[in-house]
1. For the range 194-230, give me each residue that is surrounded by 15 or more Cβ atoms within 10 Å (Cβ to Cβ) and within 16 Å of ligand 2 (Cβ to nearest atom).
2. Considering each of 8, 45 in turn, give the residue that is within 15 Å of ligand 2 (Cβ to nearest atom), over 21 Å from residue 165 (Cβ atoms) and modelled with pLDDT of 95 or more.
3. Just one of 333, 338 is in contact with a helix residue (DSSP H, G or I) (Cβ under 6 Å, 6 or more places away or on another chain) and either in the same structural domain as residue 263 (by TED's automatic domain parsing) or outside any strand (DSSP E or B) (or both); which is it?
4. Residue 191 passes all but one of (1) modelled with pLDDT under 90; (2) within 16 Å of ligand 2 (Cβ to nearest atom); which number fails?
5. Would you kindly identify the strands (runs of 3 or more DSSP E) lying entirely within the range 21-123 that contain at least 3 residues that are touching a helix residue (DSSP H, G or I) at 6+ places or on another chain (Cβ under 6 Å)?
6. Say whether the condition of being on the phi > 0 side of the Ramachandran plot and in contact with a helix residue (DSSP H, G or I) (Cβ under 9 Å, 6 or more places away or on another chain) is met by at least one residue in the range 3-16.
7. Residue under question is residue 40, and the condition is that it be closer than 14 Å to residue 222 by Cβ and in contact with a strand residue (DSSP E or B) (Cβ under 7 Å, 6 or more places away or on another chain); does it hold?
Ligand SMILES: Nc1ncnc2c1ncn2[C@@H]1O[C@H](COP(=O)(O)OP(=O)(O)OP(=O)(O)O)[C@@H](O)[C@H]1O
Ligand SMILES: [Mg+2]
């Protein structure tokens with residue numbers, strides 16, 4: 001029997017817990033053409049959520065485009081990926097799609113490619129980025145709105161890991177073009193996903209940037225405890241497990257409701273107990289130990305790469321236990337022998353950029369709850 005808990009890939013269908021409010025709100029935003037900026041720390045479930053939303057609105061006749069910019073590292077890649085999505089929307093047989101594509105994107109040369117053993121044709125595009133780019137990007141950024149208009153439908157375009165675009169040399173210029181076109185599209189909702197908070201803020205909250213105030217900000221939180229506990233119980237029960245009282249709560253206390261780590265811990269528990277099919281609170285503790293020993297190697301490696309001051313700061317934070325502690329207060333600096341505030345500031349910047357810590361509602365949280373536990377185990381007497 002297959003382990004019902006998934007981690008490390010998007011959670012869909014039965015693996016997807018709750019988020020009813022977010023599903024409803026995002027679907028209605030899309031149906032009203034609202035632009036949305038959806039952000040959260042790493043692995044809270046942005047991608048899973050938006051893919052669920054897209055499936056729902058697609059069933060209501062909305063044209064949907066999803067682009068993951070994580071794999072797109074240059075303007076050329078971006079043009080190809082976007083054009084492929086437009087081609088997919090054109091639908092129909094390859095001939096019809098080609099005809100349509102030629103009129104929507106006249107500056108791109110489509111090529112039919114056959115992949116692998118299957119006789120499945122895909123379109124790829126050739127284009128010249130040395131020429132004038134404005135018309136090329138213009139065609140691209142109008143294409144979805146044009147298709148939606150022709151068919152009398154609404155559309156949604158999702159850019160996952162949007163902050164990646166800020167890293168390319170051409171990023172700012174591409175964004176300016178996007179905004180110039182997107183702002184006129186009432187029938188299309190544009191959704192931007194990102195996890196690097198400082199980059200997302202820079203893109204959407206800086207007055208001098210093209211996407212300043214472009215949409216509604218939608219911070220995604222963790223999954224509420226009650227719903228997540230029900231989900232855990234139901235998934236165990238569906239595979240014939242008995243779960244003692246208090247188990248789900250214990251799991252969520254360890255993982256602090258973090259979606260990814262909750263699924264990871266449940267996955268490990270399910271594997272360990274697949275024969276006896278009974279989970280008790282003691283099993284949860286043993287499961288946590290197993291996760292820690294599995295991950296210890298990675299934690300050591302990460303630790304080795306950090307400068308001394310960063311390590312000292314992490315240990316101090318793990319000892320304090322309170323993510324809202326005033327890092328620059330004289331009390332904190334002295335108690336943990338951290339030296340001058342300026343060097344702590346550098347260490348903190350490093351930990352934030354390495355995504356070992358993240359800022360959540362004014363607090364400094366460990367991105368990895370198991371790393372925090374490991375630190376406590378190793379360094380806190
Ligand atoms: N609604 C959910 N129900 C259950 N588990 C979830 C849910 N959303 C996310 N998860 C868990 O969290 C993991 C990460 O989800 P996902 O990749 O969607 O997050 P993300 O915020 O897009 O992450 P990243 O910042 O890495 O892009 C999934 O593999 C799954 O284990
Ligand atoms: Mg994601």
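The values are calculated or read from the model by the stated rules, or taken from the named source; none is laboratory data. All figures in this text were calculated on a predicted structure; none of them were measured in a lab. Ideal geometry is used to build each Cβ from the backbone, glycine not excepted, and the neighbour counts take in all protein chains shown.
1. Answer for the range 194-230, where residues must be surrounded by 15 or more Cβ atoms within 10 Å (Cβ to Cβ) and within 16 Å of ligand 2 (Cβ to nearest atom): 194, 195, 196, 197, 199, 200, 218, 220, 222, 223.
2. Values: 8 fails: modelled with pLDDT of 95 or more.
After applying the criteria, what remains is 45.
3. Values: 333 fails: in contact with a helix residue (DSSP H, G or I) (Cβ under 6 Å, 6 or more places away or on another chain).
Just one listed residue meets the conditions, 338.
4. Only one criterion in (1) modelled with pLDDT under 90; (2) within 16 Å of ligand 2 (Cβ to nearest atom) is unmet by residue 191, namely (1).
5. 36-39, 63-68
6. Yes, the range 3-16 contains at least one residue that is on the phi > 0 side of the Ramachandran plot and in contact with a helix residue (DSSP H, G or I) (Cβ under 9 Å, 6 or more places away or on another chain).
7. Working: closer than 14 Å to residue 222 by Cβ: yes; in contact with a strand residue (DSSP E or B) (Cβ under 7 Å, 6 or more places away or on another chain): yes.
Yes: the conditions hold for residue 40.
Yes or no, residue by residue, for (1) modelled with pLDDT under 95; (2) surrounded by 16 or more Cβ atoms within 10 Å (Cβ to Cβ); (3) over 23 Å from residue 188 (Cβ atoms); (4) more than 17 Å from the chain's Cα centre (by Cα):
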residue: 13; (1), (2), (3), (4): yes, no, yes, yes
residue: 24; (1), (2), (3), (4): no, no, no, yes
residue: 27; (1), (2), (3), (4): no, yes, no, yes
residue: 41; (1), (2), (3), (4): yes, yes, yes, no
residue: 52; (1), (2), (3), (4): no, yes, no, no
residue: 57; (1), (2), (3), (4): no, yes, no, yes
residue: 64; (1), (2), (3), (4): no, yes, no, yes
